[in-house]
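The next block holds one structure in the form of structure tokens; read it before the comments.
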């Protein structure tokens with residue numbers, strides 16, 4: 001039912017979907033939980049604002065974004081930095097490249113070349129070249145899940161965006 005309402009809103013209102021913030025809390029069987037559902041919907045909206053994910057509508061689908069503010073607060077308290085990503089950012093600035101975004105999309109797509117190249121609108125050979133360049137600049141490896149997860153969290157932290 002909520003999906004239908006969202007479709008009706010976007011089909012009948014002629015505006016950019018990114019300009020509309022919709023958050024939907026969990027469905028409960030009692031009016032005692034209206035306030036809880038309302039707070040959940042606000043949490044969804046906050047996640048959309050912080051991470052720019054316009055496709056996020058439901059509390060049940062925000063997953064890791066529920067805990068990211070706590071993780072980022074820890075990062076702030078520790079003045080945490082990922083030196084390898086700092087090198088990559090410096091390279092992007094100096095060379096007007098977009099290797100940080102390439103890496104973020106690659107990790108978001110579970111290191112799948114075809115899906116990543118489709119999202120970035122580039123050929124898979126171009127993606128391969130970029131990943132090779134990223135590895136050369138940073139000495140990063142993508143074989144271990146824990147390393148990829150840490151790297152993805154670090155990317156979310158420095159970019160404050162969800163690709």
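Some values worked out for this structure:
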{"read-out": "Residues (more than 13 Å from residue 151 (Cβ to Cβ), part of a helix (DSSP H, G or I) and at pLDDT below 95) located in region 106-118", "value": "none"}
{"read-out": "Considering residues of region 14-31 that are more than 20 Å from the chain's Cα centre (by Cα), surrounded by 11 or more Cβ atoms within 10 Å (Cβ to Cβ) and more than 17 Å from residue 46 (Cβ to Cβ) only, the residue modelled with the lowest pLDDT", "value": "27"}
{"read-out": "Residue list for region 101-111, restricted to those being surrounded by fewer than 18 Cβ atoms within 10 Å (Cβ to Cβ) and in contact (Cβ under 8 Å) with a residue 24 or more places away in the chain", "value": "101, 108, 111"}
{"read-out": "Scan of region 43-63 for residues that are in a helix (DSSP H, G or I) and surrounded by fewer than 13 Cβ atoms within 10 Å (Cβ to Cβ), ordered by number", "value": "49, 60, 63"}
{"read-out": "Qualifying residues in region 32-42 (those that are farther than 30 Å from residue 158 by Cβ and out of contact with any helix residue (DSSP H, G or I) (no Cβ under 9 Å at 6 or more places or on another chain)) - the one surrounded by the fewest Cβ atoms within 10 Å (Cβ to Cβ)", "value": "32"}
{"read-out": "Residue in region 1-9 that is within 22 Å of the chain's Cα centre (by Cα), at pLDDT 75 or above and surrounded by 15 or more Cβ atoms within 10 Å (Cβ to Cβ) present", "value": "no"}
{"read-out": "Long-range neighbours under 8 Å by Cβ, at least six apart or interchain, first residue in the same structural domain as residue 105 (by TED's automatic domain parsing) and free of Cβ contacts under 8 Å to residues at least 24 places away in the same chain within region 131-148, second in a helix (DSSP H, G or I) and surrounded by 10 or more Cβ atoms within 10 Å (Cβ to Cβ)", "value": "141/135; 141/147"}
{"read-out": "Whichever residue in region 112-155 is out of contact with any helix residue (DSSP H, G or I) (no Cβ under 7 Å at 6 or more places or on another chain) and surrounded by 14 or more Cβ atoms within 10 Å (Cβ to Cβ) and, among such residues, is nearest to residue 69 (Cα to Cα)", "value": "115"}
{"read-out": "Check on residue 132, closer than 17 Å to residue 157 by Cβ and over 18 Å from the mean Cα position of the chain (by Cα)", "value": "no"}
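The values are calculated or read from the model by the stated rules, or taken from the named source; none is laboratory data. As the structure is a prediction and not an experimental result, all values here were calculated from the model. Quick reminder, even Gly has a Cβ in these numbers, built from the backbone with ideal geometry, and neighbours come from all protein chains shown.
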